[in-house]
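To keep things clear, I will list the structure first and then write my remarks on it.
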Amino acid sequence: MQRFAVHLVTAVDFPHEHNFIHTDIKPHNIFVKFRLRSRIEPYLAEVPVPQQDSAQERYTPVKSTPFRRYYFSEADHTRVAEFQVALGDWGVSSSATQHLTERIQPVALRASEVLIEAPWDKSVEWWNLGALLLEFYRAVRMFDGRVPPDGRYDVKEHVAEIVSLFGPLPKDLLDPGNQHLVRSIFDDQGRPKDCPPMDGPSLASEDVLPGEARDLFASFLSFVMKINPAERPSAEQMLTHPWIGMVLKPKTNG
């Protein structure tokens with residue numbers, strides 16, 4: 001997970017340095033790059049990649065399959081440390097100065113400022129990334145916003161889930177948001193109106209994060225997922241957080 005996080009942080013930071021924002025970071029847009037083609041040759045022998053002809057009316061799809069049994073073996077855990085991650089599907093990316101659209105991100109991974117229709121910037125991606133890391137690690141969503149009995153999505157429920165883990169939304173964030181939406185959801189303390197506190201476990205709970213690195217990982221998520229965008233860390237600060245523990249060399253000119 002640490003290696004996975006490092007690859008994603010650097011993959012997101014590179015376009016940020018060039019004033020572009022991905023805006024749609026989700027599992028379907030994250031790809032694993034295989035270093036050794038020989039590891040997946042048994043799969044290619046079973047399901048050969050079809051030759052595509054541009055003159056055909058329809059392309060022949062390549063069968064999708066989990067590669068774990070081909071690339072990783074139970075006896076060779078070191079292979080896991082060799083994978084590389086790439087962030088793909090940039091079709092809805094935005095310029096930092098001219099947004100393609102204001103409604104961005106997968107619904108369950110939306111940052112607080114997007115939910116209340118407030119202005120957003122590059123820091124919106126770090127919230128997205130933090131929620132995604134937990135989803136990858138535990139195969140559960142940090143938030144889903146669904147309400148009974150039909151399981152429909154409700155933004156107020158989503159906000160309540162966020163507040164239960166990270167605290168109320170500050171006035172500085174609420175003021176530039178959609179005031180009709182803000183007034184219908186929030187009380188004067190930045191909490192959802194008429195919504196009892198949720199009794200769910202904290203991020204550092206064993207129910208959420210089992211294992212010895214629980215406290216450090218929970219600390220990293222809390223560090224990255226600040227409700228106030230202005231308080232979110234830089235990529236360098238994330239990489240040097242104790243959970244990842246990288247030592248970065250100072251940048252030099254030339």
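The values are calculated or read from the model by the stated rules, or taken from the named source; none is laboratory data. Because the structure is predicted, anything quoted here is derived from the model rather than measured. Cβ coordinates were reconstructed from backbone atoms using ideal geometry, including for glycine residues, and neighbour counts include every protein chain displayed.
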Inset, instruction - From (1) outside any helix (DSSP H, G or I); (2) at pLDDT below 85, pick out the condition that doesn't hold for THR97. - result: (2)
Inset, instruction - Among the residues of the stretch 142-195, write down those that are in a loop (DSSP other than H, G, I, E, B), farther than 16 Å from GLU117 by Cβ and among the charged types (D, E, K, R). - result: ASP144, ASP150, ASP187, ASP188, ARG191, LYS193, ASP194
Legend entry - Total residues in the stretch 100-110, condition in a loop (DSSP other than H, G, I, E, B) and under 10 Å from the mean Cα position of the chain (by Cα): 3
Inset, instruction - Return a yes/no flag: does the stretch 117-138 have any residue that is surrounded by fewer than 15 Cβ atoms within 10 Å (Cβ to Cβ), over 20 Å from the mean Cα position of the chain (by Cα) and either farther than 19 Å from PHE20 by Cα or without any contact (Cβ under 8 Å) to a residue 12 or more places away in the chain (or both). - result: no
Legend entry - Filtered residues of the stretch 81-110 (kept if β-branched (Val, Ile, Thr) and surrounded by 12 or more Cβ atoms within 10 Å (Cβ to Cβ)): VAL85, VAL92, ILE104, VAL107
Legend entry - Residue within the stretch 185-197 that is modelled with pLDDT under 95 and in contact with a Ser or Thr (Cβ under 9 Å, 6 or more places away or on another chain) present: yes
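Quickly run through the stretch 11-57 and pick out the residues that are assigned to a helix (DSSP H, G or I) and over 30 Å from ARG103 (Cα atoms).
The first filter runs over the stretch 11-57 and keeps only residues assigned to a helix (DSSP H, G or I), leaving 11-17, 27-29, 37-46.
Of everything in the stretch 11-57, those that are assigned to a helix (DSSP H, G or I) and over 30 Å from ARG103 (Cα atoms) turn out to be ARG37, SER38, ARG39, ILE40, GLU41, PRO42, TYR43, LEU44, ALA45, GLU46.
Is it the case that GLU113 is over 18 Å from the mean Cα position of the chain (by Cα), crowded, with 16+ Cβ neighbours inside 10 Å and either at pLDDT 95 or above or hydroxyl-bearing (Ser, Thr, Tyr) (or both)? Please lay out each step first, then the result.
Numbers: over 18 Å from the mean Cα position of the chain (by Cα): no; crowded, with 16+ Cβ neighbours inside 10 Å: yes; either at pLDDT 95 or above or hydroxyl-bearing (Ser, Thr, Tyr) (or both): yes.
Taking the combined requirement at face value, the residue does not satisfy it.
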Inset, instruction - Looking only at the stretch 1-20, count how many residues are aliphatic (A, V, I, L, M) and surrounded by fewer than 17 Cβ atoms within 10 Å (Cβ to Cβ). - result: 2
Inset, instruction - Starting from the stretch 6-22, take each residue that is without any contact (Cβ under 8 Å) to a residue 60 or more places away in the chain and list its partners that are not in a helix (DSSP H, G or I), counting only C-beta distances under 8 angstrom and pairs at least six apart or across chains. - result: none
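One line per residue, one yes/no per condition, for (1) modelled with pLDDT of 95 or more; (2) under 16 Å from ARG110 (Cβ atoms):
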site: ARG141; (1), (2): no, yes
site: VAL147; (1), (2): no, no
site: HIS180; (1), (2): yes, no
site: ARG232; (1), (2): yes, yes
